Amino acid sequence: MTKKLLQQLKIEQPEEEIKRQVKKNWDGIAKPLDSLGKFEELTAQIGAIHGTSQLDIGKKGVIVMCADNGIVAEGVSQSGQEVTAAVAASMGKNQSSVGKMAKCIGAEVFPVDIGINGKEKIPGVFDKKVASGTRNFLKEPAMTEEETLKAVEVGMDMVRFCKEKGYKLLATGEMGIGNTTTSSAVAAALTGCSVEDITGRGAGLSDEGLRRKRQVIREALKKYEFRREETLRILSAVGGLDIAGLAGVFIGGAVYHIPIVLDGVISAVAALAAERLKPGVREYMIPSHRSKEPAANLILQELKLSPVIDASLALGEGTGAVMMFALLDMALKLYGEQTTFSDISIEQYVRFK
């Protein structure tokens, strides 16, 4: 992947006529108009992306980007980098949180080593390593532009792989110690919001730890003097391989016409980066939950996406997106069976606007 190739990618808009047809089909189902709220709009969006009103999300997958971040050297996390590899190994055995939750609804988890700090291959994990973690962005840019673009390409390639295997709906997940620091830094640079407003405690930092985390991000933003439109430079300087890889997943969703479900704050930051890199990608994004990390709400507002689940989730790995899978399954059960008003011998509701 090069900047030129990225710029040349064509993003087509989902089919509006299909969206209208799905909404019309919902109106013919024996229930009050618009009574499934956001799910009627989201399922219509899925139909428009797939290009058919015969909705099918039976085969679902979660792409989990796993990577380490050099910024942990600055004391911004409770845990060390060894945790990233340990959790990735658990994912490879389908024993992590996301694996157990995905199994409940028949979804597949695809953990990806895009940048774990280690040389050993992890059983059950896709080996797509771009580098063994990023550099300490307080000292130097976290990644080169070439590494960042390679990570984006990995994300796109994973979507293509899933498309070829028949997957109809994908979710984004991540694992990487220090990635709430990288995501907060990227979010602050992309939105222009203050570090205080956008940076949370991550995996439970103390007050002192939170102050240190915010100080590190402030110093980095001062060091690099970003402009908001410098998306690729921002990703390279203060981002992570997992964030860049997830940005590639969102771009891949638009290229290969597969809806991509957001998870939490890291996923949301990647989604915003993807939309800034390739405007129009947001039309292929499905929101899931409202993360308790403060950056998440600001980013979702930027993307004009409205989350469905509001439960202060912050587990990561794609778990919130998997919860959304289950809710979409239930909504589409009703859509697929399509009990009509004539089936129950009552008059259909009339839409007046």
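Since only 106, 151, 91 are under comparison, the one whose Cα sits farthest along the positive direction of the charge dipole of segment 58-329, derived from C-beta charges on Lys, Arg, Asp and Glu, is 106. For residue 165, a cut-off of 12 angstrom between C-alpha atoms picks up these aspartates and glutamates, skipping any fewer than 8 places away in its own chain: 108.
Put simply, the chain fits an ellipsoid with semi-axes of 36, 20, 19 Å; these come from the alpha carbon gyration tensor as the roots of five times its eigenvalues, largest first.
Compute the acute angle (0 to 90°) between the alpha-carbon long axis of helix 145-164 and the principal axis of greatest extent of the alpha-carbon atoms of the chain; round to the nearest 10°. In the chain, helix 145-164 runs at an angle near 30 degrees to the longest axis.
Note on residue 208 and residue 196: the extension gain reaches 2.9 nm, defined as 0.36 nm multiplied by sequence separation minus the Cα-Cα distance. Put the Cα centre of segment 100-136 next to the Cα centre of segment 43-95 and the gap is 9 Å. Bridges between two residues of the chain, per DSSP, are antiparallel at a rate of about 5%. Counting only Cβ charges, +1 for Lys and Arg and -1 for Asp and Glu, the dipole size of the chain around its Cα centre is about 260 debye. Across the chain, Cα pairs under 8 Å and at least six residues apart give a relative contact order of 23 percent. Our note on the geometry: Cα centres of segment 173-205 and segment 138-167, 20 Å apart.
Can you give the calculated 222 nm mean residue ellipticity of the chain, where each DSSP H run of n ≥ 4 adds -39,500 (n - 2.57) and the sum is split over every residue, rounded to the nearest 500 deg cm²/dmol? Taking each H run of at least 4 residues, the total per residue is -15000 deg cm²/dmol.
Within the shell of other residues whose beta carbon sits under 12 angstrom from the beta carbon of residue 340, the net charge comes to -3, with Lys and Arg scored +1 and Asp and Glu -1. Convex hull volume per residue, computed on the Cα atoms of segment 152-306, equals 94 Å³.
Taking the Cα centre of segment 4-77 as origin and assigning +1 to Lys and Arg Cβ atoms and -1 to Asp and Glu Cβ atoms, the resulting dipole is close to 180 debye.
For segment 70-179, trypsin sites (Lys or Arg not before Pro) meeting the loop criterion (DSSP other than H, G, I, E, B) and having at most 16 other Cβ atoms within 10 Å: 93, 119, 121, 139, 165. For residue 275, the shell of other residues with beta-carbons less than 14 Å away shows a net charge of +2, using +1 for Lys and Arg and -1 for Asp and Glu. Indicate the gyration tensor shape class of segment 70-228 (rounded, prolate or oblate), computed on the Cα atoms with a ≥ b ≥ c the square roots of the eigenvalues: a/c under 1.5 is rounded; otherwise a/b larger than b/c is prolate and the rest oblate. Judged from the Cα gyration tensor, segment 70-228 comes out prolate (a/c at least 1.5, a/b above b/c).
Counted by Cβ distance under 12 Å from residue 172, the other residues give a net charge of -4, where Lys and Arg count +1 and Asp and Glu count -1.
The numbers here are math on the coordinates, done by the rules we state, and not lab data. Predicted model, so just to flag it, every value in this text is computed and none were measured. Reconstructed Cβ throughout: ideal geometry from the backbone, glycine too, with neighbour counts over all protein chains shown.
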